[in-house]
Amino acid sequence: MQPAVVAHRGASAHRAEHTVAAYALAIEQGADGLECDVRLSRDGHLVCVHDRRVDRTSSGRGVVSTLTLDRLSELDYGSWHPGMPEHADELVLRTPDESERGVLTLESLLDLVKASPGVKLFVETKHPVRYGGLVEAKLVAMLRRYGLARPRSKEDSQVVMMSFSSRAVRRVRGHTATLPTVLLLETLSVVRWDGTLPPYADYAGPGVHLLRTDPDYVARARSFGNESYVWTVDEPADVNLCANLGVRYLATNSPASTLRLLNR
């Protein structure tokens, strides 16, 4: 089975990350899933921003957790991005539109996912943050309002929670037994090298750099019943590596290119 292709922050090679335009393009390109990062604004709203600060990806400055949703919504999140064409032969100068202005809330992204049957949403909670476990509590509460917090089975779930923080993953498991989770891995510690995961994690989440040096990790994890979600896979050699190893989910900034490499 080929890996399912997950659009990392949307089709972020072609549109500004964490914008409606990036996610809509990813769906149009045929992505099997979408990935986002979430943080809490000063007034308690879940917003899709990767960095602790908004400086890199917006027209503003400041720490996300110190800015209100109204202030975050005033910023331009699209103009910084060069807007790469989806195909190499396109020579189009693109001007960011309204779908790339204003912060994207998780609520808006969930609306898009609910309207896209078959597309999974992978939500990464960022840590450390000043609000600690409130991020996971707010996430589960929002999923509950959408009827997504307690899927009939993990395979049926349209949402997957992820974090590099094992405490964050454990907190989510305490809220819901059937929402699938990914423990993201930057390094393979002595504890995790053998492919085992804590009981509250369903998928292993190694970076592709780990598989380049230790490709057998995917098989070791699978021997314990743990499939893999691998990030962030853009190079053709890395796409082929993940396909050959039988990776379950592959996160990429360019869904269209990756799908072509997989002959999809």
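The values are calculated or read from the model by the stated rules, or taken from the named source; none is laboratory data. Quantities reported herein were computed from a predicted structural model and do not represent experimental measurements. Backbone-built Cβ (ideal geometry, glycine too); neighbour counts: all protein chains shown. The protein model used for the area step is the full one, side chains on, heavy atoms only, and it has no ligands, DNA or RNA in it. Shrake-Rupley method; radii C 1.70, N 1.55, O 1.52, S 1.80 Å.
Suppose the chain between Glu186 and Arg260 were pulled fully straight at 0.36 nm per residue; how much longer would it get relative to their current alpha carbon spacing?
On the way: separation 74, 0.36 × 74 = 26.64 nm, distance 2.75 nm.
That works out to 23.9 nm of additional length.
From the Cα gyration tensor of the range 147-264, with a ≥ b ≥ c the square roots of its eigenvalues, which class applies: rounded if a/c is under 1.5, or else prolate if a/b is larger than b/c, or else oblate? Can you show the working numbers first?
Details: a/c = 2.06, a/b = 1.33, b/c = 1.55.
Cα axes put the range 147-264 in the oblate bin.
May I ask for the Kirkwood hydrodynamic radius of the chain, worked out over all distinct Cα pairs and given in angstroms to one decimal?
Details: mean 1/r = 0.0536 Å⁻¹.
About 18.6 Å for the chain.
Accessible area per residue of the chain at 1.4 Å probe, in Å²? Let's see the in-between values first.
Numbers: 11740 Å² over 264 residues.
On a per-residue basis, the chain sits at 44 Å².
With springs only between Cα atoms under 10 Å apart, run a GNM on the chain and tell me which of Asn240, Asn226, Asn253 wobbles the most.
Asn240
Can you show me the helix-derived [θ] at 222 nm for the chain, built from DSSP H runs with n ≥ 4 at -39,500 (n - 2.57) apiece and divided by the number of residues, rounded to the nearest 500. Each step should come with its number before you reach the end.
Values: 9 runs with 76 residues, N = 264.
Rounded to the nearest 500, the figure is -8000 deg cm²/dmol.
Can you give the local net charge around Ala4? Use residues other than it whose beta-carbon is closer than 15 angstrom to its beta-carbon, Lys and Arg +1, Asp and Glu -1.
Values: positive: Lys120, Lys154, Arg248, Arg264; negative: Asp32, Glu35, Glu155, Asp156, Asp202, Glu227.
Around Ala4, the charge tally is -2.
Among Val5, His18, Val49, whose Cα projects farthest towards the positive end of the dipole of the range 1-87, with charges put on the beta-carbon of Lys, Arg (+1) and Asp, Glu (-1)?
The one lying farthest along the dipole's positive direction is Val49.
Which helices pass in the chain if a helix is a full DSSP H run, must span at least 15 angstrom along its long axis by Cα, and must have mean Kyte-Doolittle hydropathy not below 0.5? Could the numbers behind the result be given before it?
Values: long enough: 134-145 (17 Å, 0.74).
Helices meeting the criterion: 134-145.
Can you work out the Karplus-derived ³J(HN,Hα) for every residue in the range 49-55? Use 6.51 cos²θ - 1.76 cosθ + 1.60 with θ = phi - 60°, whole Hz, and x for glycine or proline.
So the J values, rounded to whole Hz, are 9, 6, 7, 4, 10, 8, 4.
Quick one: length gained pulling Phe224 to Asp43 fully straight, 0.36 nm per residue minus the C-alpha distance? Numbers along the way, then the final one.
On the way: separation 181, 0.36 × 181 = 65.16 nm, distance 4.17 nm.
Result: 61.0 nm gained on full extension.
Top mean-square fluctuation among Asp216, Asp202, Asp76, Gaussian network model of the chain, C-alpha springs under 10 Å?
Most flexible of the set in this elastic network: Asp216.
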